[in-house]
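J.: First the structure, which I've put down as structure tokens, then a few questions once you've had a look.
The values are calculated or read from the model by the stated rules, or taken from the named source; none is laboratory data. These numbers were taken from a predicted model, which means no experiment stands behind them. Neighbour counts are summed over all protein chains in view; Cβ atoms, including those assigned to glycine, are modelled from backbone coordinates with ideal geometry. With ligands, DNA and RNA removed, areas are computed over all heavy atoms of the protein, side chains included. Shrake-Rupley method; radii C 1.70, N 1.55, O 1.52, S 1.80 Å.
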Amino acid sequence: MAAVTPDHLHDHHHGPSGLMRWITTTNHKDIGTMYLLFSFIMFLSGGVMALTIRAELFQPGLQVVEPEFFNQLTTMHGLVMVFGAIMPAFVGFANWMLPLMIGASDMAFARMNNWSFWLLPVAAVMLIGSFFVPGGATAAGWTLYPPLSVQMGMGMDLAIFAVHIMGISSIMGAINIVVTILNMRAPGMTLMKMPLFCWTWLITAYLLIAVMPVLAGAVTMILTDRHFGTSFFNAAGGGDPVLFQHIFWFFGHPEVYIMILPAFGIVSQIIPTFARKPLFGYASMVYATASIAVLSFVVWAHHMFATGMPAQGQLFFMYATMLIAVPTGVKVFNWIATMWRGSMTFETPMLWSVGFIFVFTLGGFTGLICAIAPVDIQLHDTYYVVAHFHYVLVAGSLFALFAGAYYWLPKWTGHMPNETIGKLHFWCSMVFFNITFFPMHFLGLAGMPRRIPDYALQFADFNALATVGAFGFGLSQLIFIVVVVKCVRGGEKAAARSWEDADGLEWTVPSPAPHHTFEVAPVFK
Amino acid sequence: MSIENAQRSENRKLLVRLSIGAVAMFGFGFLLVPFYEKICEVTGINNLLKADEVVNTQVDTSRLITIEFDANIHDLPWRFHPLQSVVKVHPGELITIAYEVENTRDKPITGQAVPSYGPAVSGQFFRKMDCFCFTQQTLEAGERRTMPVAFVLDPALPDDVHTITLSYTFFEIAGKNASLPVSGGSGT
Amino acid sequence: MNLSGRLAGSGLSLIVSGSALAQSRYNFQEPVTSVAEQLYDLHTLMLIICAVIFVAVFGVMFWSVFKHRKSRGAVAANFHESTTVEILWTIIPVFILVGMAWPATRTILYMKDTSSPDITIKATGYQWKWGYDYLQGEGEGIRFVSNLSTPREQIEGSEAKGEHYLLEVDNPVVVPVGKKVRILTTASDVIHSWWVPAFGVKQDAIPGFIRDTWFRADREGIYRGNCVELCGKDHGYMPIEVHVVSAEAYSQWVAKQVASKAALAAN
């Protein structure tokens with residue numbers, strides 16, 4: 001999220017300079033920085049799409065965009081935020097922090113690391129560029145359900161290729177992470193002594209390797225259905241459109257946890273630091289993460305309760321989904337137990353983390369309500385679902401990303417982030433986030449479907465409120481740019497151990513972290 | 001140095017294994033297709049193109065099931081409807097009903113009917129001996145055809161099912177006639 | 001089990017008094033079928049259980065946030081493990097979940113019982129309108145297409161928006177009150193979804209396949225819904241309007257439909 005690689009350590013750095021340095025770099029810190037910068041740019045582009053959507057929905061009637069373009073915006077907002085912003089941001093954190101946390105000198109495959117990053121801008125150009133081809137971008141929803149996606153124009157093909165490329169990038173990144181964590185830990189650092197962030201990323205990386213290829217398969221089938229006369233999803237040729245939904249959500253549900261497990265990891269690093277107390281129930285946190293990952297493979301059809309599956313199917317997927325509440329609950333309880341009887345201070349990273357627990361858990365509760373299959377029949381494809389997944393993805397993943405960024409900015413830049421502006425960023429985000437998304441619960445309950453450019457009059461008040469909140473939330477994110485720029489330029493010098501009670505190998509190297517660290521593996525006690 | 005080399009070869013081994021895993025999962029995505037079809041076949045949701053065998057011909061006169069017939073056309077210039085909308089049957093009885101289809105276009109067209117059942121679970125108890133949906137149907141210009149369906153309802157049908165809908169959708173088989181220039185249909 | 005049972009009990013008693021106050025502004029629309037009523041109660045029960053847990057968990061967290069601060073002189077304890085506590089907060093949620101799953105299971109089985117309808121209607125989704133065929137029961141043979149009737153001017157804003165903006169159609173579905181109506185859904189192009197919130201009925205309409213669901217409306221009135229599966233450009237403009245009328249009014253409507261069809265054929 002910030003171009004923060006220290007330049008004053010150039011004496012350690014031999015190689016091309018200028019732009020070529022960034023294109024050819026195999027240094028995990030450079031690549032991590034590029035990932036973070038890329039994801040922040042994508043976050044802003046996805047945000048502009050979201051604000052256009054909210055502007056159209058400010059009042060009933062069509063004012064800003066045409067329905068066709070509106071559908072393109074909702075689709076691209078989803079794709080850009082999921083594949084362009086949230087996922088690469090976590091990979092960026094992994095690149096920067098994993099080697100520092102486990103005492104490795106770099107990622108296992110440095111050159112492949114460079115490749116997996118540079119595929120992303122290519123995919124992003126294809127994806128965003130699809131707005132400008134004849135017919136515009138795909139408007140089939142980010143879930144790309146056929147037969148609608150088969151009807152789409154050229155934008156759909158570009159989106160499919162972009163998804164392929166981003167998938168390959170994610171898989172290479174994930175393989176790199178697994179190998180780094182399993183093979184390159186410092187002597188003495190056993191798996192059960194690893195920081196929790198490493199654990200959550202290890203499990204996430206396995207999830208990525210398991211499900212990204214399935215998504216690639218699904219979109220490939222759409223591609224052949226579109227152009228090569230196959231009929232995987234066409235009833236006329238013996239296919240079934242619902243089959244796509246099964247395959248897609250077999251990927252899609254683990255994907256949800258791919259976007260939240262590393263967030264759990266970040267929060268689990270931060271809370272002990274500011275509570276000045278070790279993480280409560282480390283082992284149970286690891287087991288909870290693993291059980292969430294395993295359960296995520298057997299709940300996919302809860303996205304499909306309205307397709308008309310047999311009662312037995314509904315019951316199975318309802319029970320399995322409800323079961324996920326147990327390990328998730330264990331995590332929340334562990335965080336609170338960590339805070340309990342600690343000696344807490346509330347610097348910006350801690351504020352974001354406590355905010356994360358509070359608002360993410362709200363999203364967890366609405367998730368539990370959606371898990372109840374009969375209730376979900378009413379809620380499916382309404383604004384309630386939109387509220388639910390923004391509570392877990394924005395207040396969950398994004399808040400945790402900000403928490404992590406504020407926490408490790410001193411390590412990246414060598415300066416402490418400005419507390420006053422950082423706290424302003426947090427409180428603005430928190431307030432506007434809730435103004436935006438809380439009313440959407442009511443909209444969904446009262447019967448407003450999602451993905452519509454125009455709505456009945458009884459939904460007008462809450463939509464207007466949500467739009468005001470959305471613009472507030474969008475503008476609040478610009479504060480973050482101020483924080484990062486100030487932090488890179490100067491500010492209070494950060495010590496090696498930037499936070500008073502921070503624990504872990506990353507705090508044993510100087511701030512900012514020099515270009516090369518742990519050339520000789522440290523011994524971990 | 002040798003430690004570093006050992007590390008490198010360890011890394012490479014893991015890389016290969018994980019890549020194989022990724023490729024296997026790509027294959028698994030495609031494997032889901034036949035897997036899904038198998039499940040549908042076992043549960044009878046999508047039993048498309050072959051005649052069923054009767055396992056049990058014992059007629060269960062204690063139950064009377066209402067069967068409704070429905071017809072849909074998907075982008076075809078045809079008229080298609082069942083000749084009777086409802087029959088009441090005992091499970092185990094052999095029933096023959098008929099649909100009528102008519103080509104309203106002035107050129108031959110080929111279509112394929114796809115059956116569907118509501119509730120879906122009843123599909124596996126619906127044993128079709130003869131059905132126009134087993135093969136593609138080519139209708140000459142203006143041709144009208146009566147097509148029978150012979151079926152037996154399996155007496156193993158769950159007790160809580162009292163009403164079943166058998167629905168057919170006719171799809172045009174593209175390619176067969178797609179090469180012909182499409183002229184404005186004159187209708188009948 | 002006990003705890004969740006009691007929770008469920010107290011929740012249910014609250015619901016009974018609550019459902020009369022049903023407001024469609026903050027909650028589900030007022031239910032007019034037994035299914036919708038069950039969904040309403042189930043949702044209220046869930047909400048209450050979640051609210052109780054929420055208050056309990058975050059009560060503890062905020063207590064800690066305010067009490068255990070360094071600025072208040074709190075000294076950090078050093079405990080970080082307790083198998084007993086971990087087991088406890090794994091087991092208790094499981095029991096609460098069982099308490100939630102129990103009523104939900106009954107409702108699912110009830111919703112799936114589409115047997116022995118009085119009337120069967122097929123709803124076919126088109127881009128972007130609904131077609132209806134009365135397949136069986138009184139009114140058999142009636143078929144019509146139902147389009148959005150809101151004028152274009154209202155959508156574009158050159159005219160004031162009417163009361164039922166975007167929720168009105170030219171040919172509404174008419175059904176008799178108190179009769180079991182089975183809805184078959186299918187589609188001719190892409191996936192649509194037929195939803196009437198007040199009935200608690202939502203069923204995807206899938207091209208090439210039929211799916212079924214049912215409702216029995218207990219009160220006369222006009223009920224409105226939307227297509228809820230993204231189906232292209234005018235997804236937001238294919239509403240559903242159902243008129244629930246008395247048995248006599250329904251017979252009259254059927255007679256009128258049959259007569260107008262005959263007149264059309266004669267022409």
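J.: Take the alpha carbon gyration tensor of the stretch C:119-266, find the square roots of its eigenvalues, order them as a ≥ b ≥ c, and report rounded if a/c is under 1.5; if not, report prolate when a/b exceeds b/c, else oblate.
T.: rounded
J.: Then there's this: What is the helix-to-structure angle for C:247-266, meaning the angle in degrees between its Cα long axis and the longest Cα principal axis of chain C, kept from 0 to 90 and rounded to the nearest 10?
T.: That works out to roughly 50 degrees.
J.: Let me ask something additional. Given the peptides B:28-37, B:105-114, arrange them by the average over their residues of other C-beta atoms within 10 Å, most packed first.
T.: Order by mean packing, descending: B:105-114, B:28-37.
J.: With r defined as the distance between the Cβ atoms of A:L315 and B:D160 and R0 fixed at 22 Å, what FRET efficiency is calculated, to the nearest 0.05?
T.: For A:L315 and B:D160, the calculated efficiency is 0.90.
J.: Also: When only Cα pairs under 8 Å and 6 or more residues apart are kept, what is the percent relative contact order across chain A?
T.: Relative contact order, chain A: 19 percent.
J.: Hey, another quick one. Among B:T163, B:F151, B:P108, which residue has its Cα positioned farthest towards the positive end of the charge dipole of the stretch B:65-172, with +1 placed on the Cβ of Lys and Arg, -1 on the Cβ of Asp and Glu, and the dipole taken about the Cα centre?
T.: B:P108
J.: Something else: Of the listed pairs A:K423/A:K486; C:K129/C:K161; A:K277/A:K525; A:K277/A:K331, which have alpha-carbon separations greater than 24 Å here?
T.: Flagged as over cut-off: nothing, all pairs pass.
J.: Go through C:H43, A:H302 and list them by solvent-accessible area, largest first, probe radius 1.4 Å.
T.: I get A:H302, C:H43, largest accessible area first.
J.: Could you tell me how far the Cα centroid of the stretch A:250-271 sits from the Cα centroid of the stretch A:288-348, in Å?
T.: 11 Å
J.: In the stretch C:148-208, what GluC sites (Glu not before Pro) fall in a loop by DSSP, with at most 16 other Cβ atoms inside 10 Å?
T.: C:E159, C:E163
J.: Relative contact order for chain C using alpha-carbon pairs under 8 Å, separation at least 6, rounded to a whole percent?
T.: About 19 percent, as a whole number.
J.: Please report, in debye to the nearest 20, how large the charge dipole of the protein assembly as shown is about its Cα centre when each Lys and Arg carries +1 at its beta carbon and each Asp and Glu carries -1 there.
T.: It works out to roughly 2600 debye.
J.: Find how many whole Å separate the alpha carbon centroid of the stretch A:92-138 from the alpha carbon centroid of the stretch C:211-234.
T.: Centre-to-centre (Cα) distance: 44 Å.
J.: Would you mind computing Rg(Cα) / (2.2 N^0.38 Å) for the stretch A:22-508, counting N as its residues?
T.: In units of the 2.2 N^0.38 Å rule of thumb, it is 0.94.
J.: Ignoring the sites themselves, what is the longest stretch of chain C with no trypsin sites (Lys or Arg not before Pro) in a DSSP loop and at most 14 other beta-carbon atoms within 10 Å?
T.: It works out to C:26-218.
J.: Can you give the calculated 222 nm mean residue ellipticity of the protein assembly as shown, where each DSSP H run of n ≥ 4 adds -39,500 (n - 2.57) and the sum is split over every residue, rounded to the nearest 500 deg cm²/dmol?
T.: -17500 deg cm²/dmol
J.: Here's another thing I want to ask about it. In degrees between 0 and 90, to the nearest 10, how far off the longest principal axis of chain A does helix A:67-79 point, with axes built from Cα atoms?
T.: Here the helix axis deviates by roughly 30 degrees.
J.: Can you tell me the order of A:172-178, C:51-57 when each peptide is scored by its average per-residue count of other Cβ atoms within 10 angstrom, highest first?
T.: Most protected by this proxy first, the peptides run A:172-178, C:51-57.
J.: Rank C:T114, C:V145, C:L97 by how far each Cα sits towards the positive end of the charge dipole of the stretch C:97-158 (+1 on Lys, Arg Cβ; -1 on Asp, Glu Cβ) and give me just the farthest.
T.: C:L97
J.: Out of A:F40, A:S231, A:A456, whose Cα points farthest toward the positive end of the dipole of chain A (charges: +1 Lys, Arg; -1 Asp, Glu; placed on Cβ)?
T.: The residue sitting farthest along the positive end of the dipole is A:F40.
J.: To the nearest 20 debye, what is the magnitude of the charge dipole of chain A about its Cα centre, counting +1 on the Cβ of each Lys and Arg and -1 on the Cβ of each Asp and Glu?
T.: Result for chain A is approximately 1000 debye, rounded to the nearest 20.
J.: Using a cut-off of 18 Å between alpha-carbon atoms, which lysines can reach C:K179, once sequence neighbours fewer than 8 places away in the same chain are excluded?
T.: C:K112, C:K122
J.: Which aspartates and glutamates have a Cα less than 17 Å from the Cα of C:K256, not counting those fewer than 8 places away in the same chain?
T.: Leaving aside aspartates and glutamates fewer than 8 places away in the same chain, those within reach of C:K256 are C:D133, C:E138, C:E140, C:D170, C:E248.
J.: So, one more: Residue by residue through A:39-52, how many Cβ atoms from other chains fall within 10 Å of the Cβ on average?
T.: Rounded to a whole number, the mean comes out at 0.
J.: How large is the accessible surface of A:I165 in square angstrom, using a 1.4 angstrom probe and rounding to the nearest 10?
T.: Rounded to the nearest 10, the figure is 40 Å².
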